[in-house]
Amino acid sequence: MNAHVAVYAKDPKVFEQLKSSANSTHFIVHDAPDLNEYKEDHFVVCDVETFKERMAEFKAIKKQFLYVLSSGTDEDNMKLVEQHELYHLVGLNEQIYGTEIMCSFKKTFEKKIWGLKPYMGDDSDIKIISLSDSKHTNEMIQDALGNFDFQDYFSSPIEYIQVMANELISNSLYKGPNKKRQEQGLDSVDRRSPVFLKGSDLVQVTLGMNDMGVALSVQDSFGGLSYELLIASLKRSFNEKTVMEKKDGAGLGLYLTFLHSNQFIINYRENFRTEVLCIIDKNKRYKNYKQRIRSFHFFQEVPGEKTNDK
């Protein structure tokens with residue numbers, strides 16, 4: 001079974017790159033078909049300029065099927081995401097965005113949103129860590145990173161991955177269980193205090209590397225990071241760039257993770273699971289890494305869909 005993709009962009013190279021990236025996939029790419037006749041639940045890709053010109057039309061497209069390409073700054077792009085409730089904003093990075101978009105399409109098309117497999121493939125190096133408490137997390141991440149060869153990368157990806165992992169793990173251990181704690185009549189746990197999770201409440205950390213890049217995934221089994229909470233946190237951080245004084249944490253982890261990622265991806269099912277996934281493209285030069293326009297993706301699974309990542 002095939003899926004259809006409509007492309008609306010000022011630059012004809014956008015259509016050509018997406019058409020080329022769709023070779024040997026289930027996706028058939030069309031150049032600017034009549035949107036009024038376009039079938040429901042088909043994918044739409046547009047550039048920012050076209051999106052703004054035809055905003056009313058594009059807003060009728062379901063959020064999970066609409067992809068906006070942008071060459072803007074992080075601040076401008078996050079304002080666009082927040083103002084228009086976009087689920088997918090893709091950095092207009094030459095020779096990269098086509099593959100990225102097709103990978104995202106596949107996740108939605110196959111209804112398998114979890115894990116690194118859609119990004120890393122079967123031939124990647126994978127390391128999985130399960131955490132039940134807040135002790136020794138830094139040492140465990142350092143040990144896991146020691147299994148990967150970063151010689152083809154700029155000098156500091158290990159440092160960035162370490163920061164992202166620690167921030168996301170802290171969020172999952174401390175903030176993730178808060179709803180469950182409240183239902184049990186318990187207070188939130190201060191981040192200066194040790195925390196222990198039970199049974200199925202483990203936090204899973206996955207590190208992966210292939211010939212295209214390195215990826216980090218942090219999953220919890222609470223499903224508390226809704227789109228609204230995510231955007232509110234990022235918006236506040238971009239506006240204030242200061243630490244929020246809260247008992248359950250600074251609210252800075254997601255912001256730092258976004259800034260260090262080339263692709264920042266959230267997979268979410270309410271009250272079931274949250275996964276924050278970060279990808280850093282392979283780059284020998286730090287300048288190229290920093291110049292890459294960051295992408296934002298939010299995938300939401302609903303009850304009744306597949307919940308595994310096989």
If you stretched the chain out fully between ASN166 and ASP41, how much longer would it get, using 0.36 nm times the residue separation minus the C-alpha to C-alpha distance? 41.2 nm
What the Cα atoms of the stretch 95-155 span along the principal axes, largest first and in whole Å, is 39, 31, 18
May I ask for the equivalent-ellipsoid semi-axes of the stretch 17-158, computed as the square root of five times each C-alpha gyration tensor eigenvalue and listed largest first in whole Å? 34, 18, 16
Beyond 14 Å, what percent of the Cα pairs of the stretch 72-124 remain? 63
What do you reckon, how do ASP220, ASP122, ASP143 stack up by accessible area (1.4 Å probe), largest on top? ASP122, ASP143, ASP220
Where the accessible area of the stretch 106-157 is counted over protein heavy atoms with a 1.4 Å probe, how much of it, in %, is carbon and sulfur? 39
In what sequence, largest accessible area first, do GLU85, GLU275, GLU167 appear using a 1.4 Å probe? GLU85, GLU167, GLU275
How large a share of the accessible area of the stretch 1-96, in percent, is made up of carbon and sulfur atoms when the probe is 1.4 Å and the other protein chains stay in place? 46
Added length on full extension, which subtracts the Cα-Cα distance from 0.36 nm per residue, LYS79 to GLU94: 3.1 nm
For ASP31 and LYS59, extending 7 Å from Cα along the Cα-Cβ vector and measuring point to point gives, in nm, a value of 3.1
Can you tell me the dipole magnitude for the stretch 1-105 around its Cα centre, using point charges on the Cβ only (Lys, Arg +1; Asp, Glu -1), in Debye to the nearest 20? 220
Of HIS42, HIS26, HIS4, ordered by accessible area with the largest first and a 1.4 Å probe, the sequence is HIS26, HIS4, HIS42
So with the 1.4 Å probe, I'd like the accessible area per residue for the stretch 19-136, rounded to whole Å². 52
Between the stretch 22-96 and the stretch 256-279, how many Å separate their Cα centres? 20
Looks like the stretch 11-60, by Cα gyration tensor root eigenvalues a ≥ b ≥ c and the a/c under 1.5 rounded cutoff (else prolate when a/b is bigger than b/c, oblate otherwise), is oblate
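The values are calculated or read from the model by the stated rules, or taken from the named source; none is laboratory data. None of these values were measured; they are calculated from a predicted model. Don't worry about glycine lacking a Cβ; one is built from the backbone with ideal geometry, like all the others, and counts go over all protein chains shown. For accessibility, only protein heavy atoms count, side chains too; no ligands or nucleic acids. Shrake-Rupley method; radii C 1.70, N 1.55, O 1.52, S 1.80 Å.
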